[in-house]
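First comes the structure, then the notes that go with it.
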Amino acid sequence: MIRKEAILQSPLRLLDRSIRGGLGRGHLGVIMAPAGVGKSACLVQLGLDALLRERPVLHVAIGQSVEHVSARYDALFDDLAERVDLADRRGVRQLVARRRLIWASVERAFSARGLDEAVAAFQAHLGAGPHAILVDGFDWEAAGCAATVRAIKASAARVGAELWMTARDALCRELGRGPPLASRSDDCAALVDVGILLEPHGPHARLTLVKDFERFPETDVALVLEGGSLRLPGDEDAPPSMERSPEEFTLLGSGSPGAEEEFGACAERWGVREVNFSFADRHELARTRGLVELSEDELRVGEVSGAYMKAHLHRAPPESPELRRVLQAIWHQVSAAGEVFFVGAVNPDKTAHGGTGWAVELARHWEKPVHLFDQERGRWLRWDERDWVAEEAPVITRERFAGCGTRALTEDGRAAIRALFELSFGAPRS
């Protein structure tokens, strides 16, 4: 299929029709969802669609690395190219890269000044202004939110760009399935022209149009988000039954001894597929089932700076080259997972104990559901975006899930992993 046909057949044409032709320059659209549902993936799909239509895109990633966002675009492009049998993939990929700038903002308090700097860099780099500006990770609960959003929207309008942003808690936490923007009267929500709500629907997420300029339609857009890609729903998207086959699920690991070894052993006993991300010449590799050996280039995608580790994990990066590669492999493990299960302990600063606690930090950063079995307290905890809270024994709900944790696995920890599989899938197969 040629690129033009792929554009015309894109599910996003249905979204364009739902909002009467698209968002439009100078207007603000917001994608709202709880943590881990897929609003960042949805934003990337909007960006890729614009790029395929030869419309320049400025993607502002707040609190994320350029490499992480770029990897999201690459994965989505590869998925699209495979699904539609895209012709001249190399040429189209180069076209996409030439019209895109990813701007990573370390500061969580993003402002119009920050956007102006990003736009200036975009114009210097590409010689033209962006058609679409995407902002991921903006804090809608910060003081002076309305004034900041108003200024950001004005900056986008000055360069003739449409503006898409993501949002969570502040716009949809207390409203459940109701139309978040219709029931809020504050100035911040009033600045939003188009509001789209993403809601979990079994293993997928459904899109609902909750604001269309002056209307509040609560219209089902008839699209689902699956594995980071928007598509039309089919019969398989009906609400799932309570019982699902273990063969539908995949455990993502990094092959480390201890908790990951037990997760892998349970996956094999219950008939769950297994993928273990590793690298050449690794000395400590406890699981080889479903082994994926990452290249040096692939490992570098998961590189993390020492400054970031000190700021977020309050510890120095490992000096051992092998341990650094393990952390890079964990990046691939968690980035591909829909949810994360960790067995170990919680530090006083709320980080997960040990080097594999990096998996928990990544999951929290990417807003994925995180469940942690605390071996010291003998109970399950979940991260609720601000703190760890006690929960009943969880079950596995996402088809691709990460299992990780401490090397110092106790009998209680081992029992918790086995109980997780039994609650999720019933009796083991072997």
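Between the DSSP loop rule and a limit of at most 13 other Cβ atoms within 10 Å, which GluC sites (Glu not before Pro) in segment 35-94 are left?
Here the GluC sites (Glu not before Pro) that fit, given the DSSP loop and packing criteria, are Glu54.
For segment 344-430, run through the trypsin sites (Lys or Arg not before Pro) and keep only the ones in DSSP coil with at most 11 other Cβ atoms within 10 Å of their Cβ.
In loop regions of segment 344-430 (DSSP not H, G, I, E or B), the sparsely surrounded trypsin sites (Lys or Arg not before Pro) are Arg386.
Mind listing the long-range amide H neighbours of Val60? Cut-off is under 5 Å, sequence gap 5 or more, other chains count too, H placed in the peptide plane at 1.01 Å from N.
So Val60 has HN proximity to Trp103, Leu134, Val135, Asp136.
Set the Förster distance to 35 Å, then compute FRET efficiency between His283 and Asp412 from the Cβ-Cβ distance, nearest 0.05. Kindly include the intermediate steps, with their values, before the conclusion.
Values: r = 28 Å, r/R0 = 0.81.
Efficiency, rounded to the nearest 0.05: 0.80.
Tell me the GluC sites (Glu not before Pro) within segment 323-430 that lie in a loop according to DSSP and have at most 14 other beta-carbon atoms within 10 Å.
Numbers: sites: Glu339, Glu361, Glu367, Glu376, Glu385, Glu391, Glu392, Glu399, Glu411, Glu422; in loops: Glu367, Glu376, Glu385, Glu392, Glu399.
Counting only loop positions with at most 14 other Cβ atoms within 10 Å, the GluC sites (Glu not before Pro) in segment 323-430 are Glu376, Glu385, Glu392.
Taken together, the values in this text are just the output of simple stated rules run on the coordinates, not laboratory data. Please read all numbers here as calculations on a predicted model, not as lab measurements. Virtual Cβ from ideal backbone geometry, glycine too; neighbours counted across all protein chains shown.
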